[in-house]
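Beneath this line is the structure, given in structure tokens, with notes to follow.
The values are calculated or read from the model by the stated rules, or taken from the named source; none is laboratory data. These numbers come from a predicted model, not from an experiment. Please note: Cβ atoms are built from the backbone with ideal geometry, for glycine as well, and neighbour counts cover all protein chains shown.
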Amino acid sequence: MRTNRSHLKLVRKEAWMRVKDPAALRRKRVNRKYSQRDLAMLVRRSQTTIHLLETGGMKTLSEDLALHIAARLDVDWEDFFLLEEDEVMPKVPNGMHSKSTTSMAS
């Protein structure tokens, strides 16, 4: 018996970063003599994004952005960011569930 697997999707991982200590991020930026606007331009984001990261208003950010910020501040990303991953399971379309459970209830 062959099963049509065209409906199955691979499990994928979603990754994002979380700022460990927003105040420390701000202190490092100021120590490097960057304004929020300067750092924002260097990492190609808005000044508002930098402000939100430094005040805790933005809880998560992309891995790409965290790596760019760490590179511009000349620090290891692990010093300021936590990597968070989550596996996203494939969804089973309706009608693909086992019918044995319904026949057992009869």
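Select from the range 22-35 the residues that are free of Cβ contacts under 8 Å to residues at least 24 places away in the same chain and either closer than 14 Å to L65 by Cβ or of a type in the set (D, E, K, R) (or both) and write down the one among them that is surrounded by the most Cβ atoms within 10 Å (Cβ to Cβ).
Ranking the qualifying residues of the range 22-35, first place goes to R27.
Tell me, please, whether a residue that is modelled with pLDDT of 95 or more, among the hydroxyl-bearing types (S, T, Y) and within 15 Å of P22 (Cβ to Cβ) can be found in the range 58-73.
No - not one qualifying residue is present in the range 58-73.
Condition check: at pLDDT below 95, out of contact with any Phe, Trp or Tyr (no Cβ under 6 Å at 6 or more places or on another chain), loosely packed, with under 15 Cβ neighbours inside 10 Å and in a helix (DSSP H, G or I). Does T102 satisfy that?
yes
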